[in-house]
Amino acid sequence: MSSVYVTEPATNGKILMVTTAGDIDIELWPKEAPMACRNFIQLGLEGYYDNTIFHRVEKNFIVQGGDPSGSGFGGESIYGKPFKDEFHSRLKFSRRGMLGMANSGKHDNNSQFFFTLNAANGLNNKNTLFGKITGNTIFNMLRIPENVEYVKNGNNRPVDPHHIIKIKILKNPFDDIVIRNKKNTDIQVIPSKPVKRNKNLLSFAVEEEEIKDSETKGCISSHDILSDAHLSKEAVQVGIPANFKKSNYSKVEKIDEDSPHMLKLRKKRHADIREIQRELLAKKALTQEQEKGEHEHMVNNLALLESKEKFRYKFKSTQIRKQSASEREKNNLHMLEQFESLIKMNSALSSYAATKDSDDEDAGNTKGDDMSWLKHQLIYLEPEDKGLNANVYEIDRYHLSDPKHPTNRHRRGDFDKNV
């Protein structure tokens, strides 16, 4: 457990949650989860969580709260909309007392939160972890699921739930938080006042009478003004042609899944599926047996060949060991004489190969008993050495003239008569 505390980052921010089960000390990670911590602190400062219940209690899992409606479907964030998840590689739901955001999906965090009652590794990278319970106050949180009775079909809702009395912010890591004023969402309907018109002048009175007449008369149709015999005041009834039929595609027939016909089709489909599966399994088993048989046959052949080679080697070695030294020498000399006789046939083989090539030029094939390889000769070609080798004696490579000879001195022009 000590290694877990070492790997977790340092906390910054402290909150005291006063509940009916006792006080709970909470420390936050605002650097790793800034949006969740800011949302939780500001809602706590505004009294949003006061007198709210823990509406969901699952033993050995979580205790959930933070919904003012108490239904588990309410709550809103300070941002006016759900905010995104915040995950950190060093924060895991590895033990009890971890504080996380409750959500119904990805990036759907509002105001609801939960405390873990045990290690919940399944919540990692699914729910935002932003705080933890410290000290002995964790035992107050563990009192919430004790002796709990659930409502029937209430989704782990306790009959007598514990609730949050208030939240105190002991250390606020955000200095720029501004508490919002509560807005009255009730809509007040203000009755409209009647418009009073000035009747001091005659024109206004005439205008009012004209307006009243227009309001009582309503809109005027062209049938009332024009005296046209072709215009009719009565609405024309457009009838449906007798030969008109509704399309059969507009009818949606309801199929009865429990009808005998559907049951028969379903049974036939299942029977076909089972038959296909049996055929596939039979083919698979057959191929496996064939592969197994081929493998066993190959192994048996290799074992037989190996045994034959071993027997042949043992037989030859025993035959050679049985021979005396003189017999072995005689055999070796006999094989050498046979080889020398073959070498002497080199000239005859060369002439034979020439005639054979001329005869079989059109056929283009050669027999496997061709002995022309005996006329081949191994020749070693020495590579051309461009470097000078001191061990090789060549007359042209050395100068044998005496530099002190008078002729050579006279040729060089340094002849001195006195010397």
**Complete:** Note to self: C-alpha centroids of the stretch 269-340 and the stretch 1-72 sit apart, in Å, by 76
**Request:** Rounded, prolate or oblate: pick one for the stretch 2-171, where a ≥ b ≥ c are the square roots of the eigenvalues of its C-alpha gyration tensor, a/c under 1.5 means rounded, and failing that, prolate if a/b is larger than b/c, else oblate.
**Result:** rounded
**Asked** Residues with beta-carbon under 11 Å from that of PRO68, excluding PRO68: net charge, scoring Lys, Arg +1 and Asp, Glu -1?
**Response** -3
**Prompt:** What percent does the relative contact order of the stretch 2-171 come to when contacts are Cα pairs within less than 8 Å and at least six residues apart?
**Reply:** 33
**Request:** Apply the Debye scattering formula to the stretch 1-78, with a single equal point scatterer on each alpha-carbon and no solvent, then give log10 I(q)/I(0) at q = 0.17, 0.23, 0.26 Å⁻¹.
**Result:** -0.84, -1.27, -1.34
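Compute the length gained on full extension between ASP23 and ALA271: take 0.36 nm times their separation in residues and subtract their Cα-Cα distance, giving the result in nm to one decimal.
Working it through step by step, the gained length comes to 82.8 nm.
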**Request:** Step through the residues of the stretch 71-84 one at a time and calculate ³J(HN,Hα) from phi using the Karplus curve (6.51 cos²θ - 1.76 cosθ + 1.60, θ = phi - 60°), rounding each to whole Hz and writing x for Gly and Pro.
**Result:** 8, x, 10, x, x, 8, 8, 6, 8, x, 7, x, 9, 6
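Which of the peptides 310-317, 16-23 is most tightly packed, and how do the rest follow, judged by the mean count of other Cβ atoms within 10 Å per residue?
Details: 310-317: 10.0, 16-23: 17.2.
Ranked by mean Cβ neighbours within 10 Å, highest first: 16-23, 310-317.
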**Asked** Relative to the Cα centre, what is the charge dipole magnitude of the stretch 2-171, using +1 at the beta carbon of each Lys and Arg, -1 at the beta carbon of each Asp and Glu, and rounding to the nearest 20 debye?
**Response** 360
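Taking R0 as 56 Å, what FRET efficiency do you get between HIS107 and ASN301 from their Cβ-Cβ distance, rounded to the nearest 0.05?
Computed FRET efficiency for HIS107 and ASN301: 0.25.
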**Fill in**
The Cα extents of the stretch 259-346 along the principal axes, largest first and rounded to whole Å, are 103, 36, 5
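Just how large is the dipole of the stretch 259-346 about the Cα centre, in debye to the nearest 20, putting +1 at every Lys and Arg Cβ and -1 at every Asp and Glu Cβ?
Details: 20 positive and 13 negative charges, 152 e Å.
Roughly 720 debye for the stretch 259-346.
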**Complete:** Non-local residues with an amide H under 5 Å from the amide H of LEU99, with H modelled 1.01 Å from N and Pro and chain starts lacking one, are PHE130, GLY131, LYS132, ILE133
**Asked** Dipole magnitude of the stretch 81-143 about its Cα centre, charges +1 at Lys/Arg Cβ and -1 at Asp/Glu Cβ only, in debye to the nearest 20?
**Response** 140
**Complete:** Plugging the Cβ-Cβ distance of ASN121 and LYS310 into 1/(1 + (r/R0)^6) at R0 = 56 Å yields, to the nearest 0.05, a FRET efficiency of 0.35
**Complete:** Under 14 Å by backbone N from the virtual spin label 7 Å along Cα-to-Cβ at THR134, the residues of the stretch 71-86 are none
**Prompt:** Which part of the stretch 136-167 falls in the paramagnetic zone of LEU16, meaning amide N under 18 Å from the point 7 Å along Cα-to-beta-carbon?
**Reply:** 136-141, 164-167
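Bear in mind that the values in this text are calculations on the coordinates, not laboratory data. As the structure is a prediction and not an experimental result, all values here were calculated from the model. Backbone-built Cβ (ideal geometry, glycine too); neighbour counts: all protein chains shown.
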